[in-house]
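Below is one structure; the comments refer to it alone.
Each reported figure results from applying straightforward, stated rules to the coordinates on display, with no laboratory input. Fair warning: this is a prediction, and the values are worked out from it, not measured in the lab. Neighbour counts are summed over all protein chains in view; Cβ atoms, including those assigned to glycine, are modelled from backbone coordinates with ideal geometry.
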Amino acid sequence: MAQEQTMKPETAAKKLGILLAAAPETFQGAPISRTAFDELRTEPPTWLEDLRRDGPHPRPVVAQKLGVSISGLTRAGIEEPLTTAAIKSLLEEKPEWLVRERATQAAVHAENARVKQERAAKAASRAAD
């Protein structure tokens, strides 16, 4: 019989969008089987729901919730994980760095959309030839 695949706690935490250091020690201390991971995703325990709702959140989640890039967080000097309350506070206060980074992120998204549309148009014209 084949051995079930497992993943490191760091990998599972990243895939679940949680901060590993904030997870229970039972989660942090041992590899997680695919079956156990699928259970966590489909029927999250209370601790996982609480972490996802209240944080502290890992940098990619903080960046996504603030509408900025991870690099933007670094430029702003935000290195530590933030809670949902801290994120909401920043969104309400709208510090200058957040306004600037959100504008930068919006410009990047707009440029990426323009390039994608341009490539699609070129591909369509090549296909028509």
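For the pair A128 and S71, the difference between a 0.36 nm per residue extended length and the Cα-Cα distance amounts to 16.4 nm. Under the criterion of Cα pairs below 8 Å and six or more residues apart, the relative contact order for the range 41-129 equals 27 percent. Cβ under 12 Å from E4's Cβ, E4 left aside: what net charge do those residues give with Lys, Arg +1 and Asp, Glu -1? Cβ neighbours under 12 Å give a net charge of 0. In summary, no lysines lie within cross-link reach of K116, defined as a Cα separation below 19 angstrom excluding same-chain residues under 8 places away.
The C-alpha atoms of the chain define a longest principal axis, and helix 84-93 lies at about 30 degrees to it.
With one equal scatterer per alpha carbon and no solvent term, the Debye-computed log10 I(q)/I(0) for the chain at 0.18 1/Å reads -0.95. Residues whose amide H falls under 5 Å from that of L82, counting only those 5 or more places apart or on a different chain, are H57, with hydrogens built in the peptide plane. Dipole check for the chain: with +1 at the C-beta of Lys and Arg, -1 at the C-beta of Asp and Glu, and the Cα centre as origin, the magnitude is about 660 Debye. One equal scatterer on each Cα of the range 71-129, no solvent, Debye formula: the resulting log10 I(q)/I(0) at q = 0.17, 0.18, 0.22, 0.31 Å⁻¹ is -0.68, -0.72, -0.90, -1.19.
Taking a straight Cα-Cα cut-off under 18 Å and skipping sequence neighbours fewer than 8 places away in the same chain, the lysines within cross-link reach of K88 are K65.
What FRET efficiency do you get for R52 and A113 if R0 is 22 Å and r is their Cβ-Cβ distance, rounded to the nearest 0.05? Don't jump to the answer; show the numbers that get you there.
Details: r = 29 Å, r/R0 = 1.32.
Taking R0 as 22 Å, the efficiency between R52 and A113 is 0.15.
The alpha-carbon of K8 sits under 15 angstrom from the alpha-carbons of these aspartates and glutamates, leaving out residues fewer than 8 places away in its chain: E25, D38.
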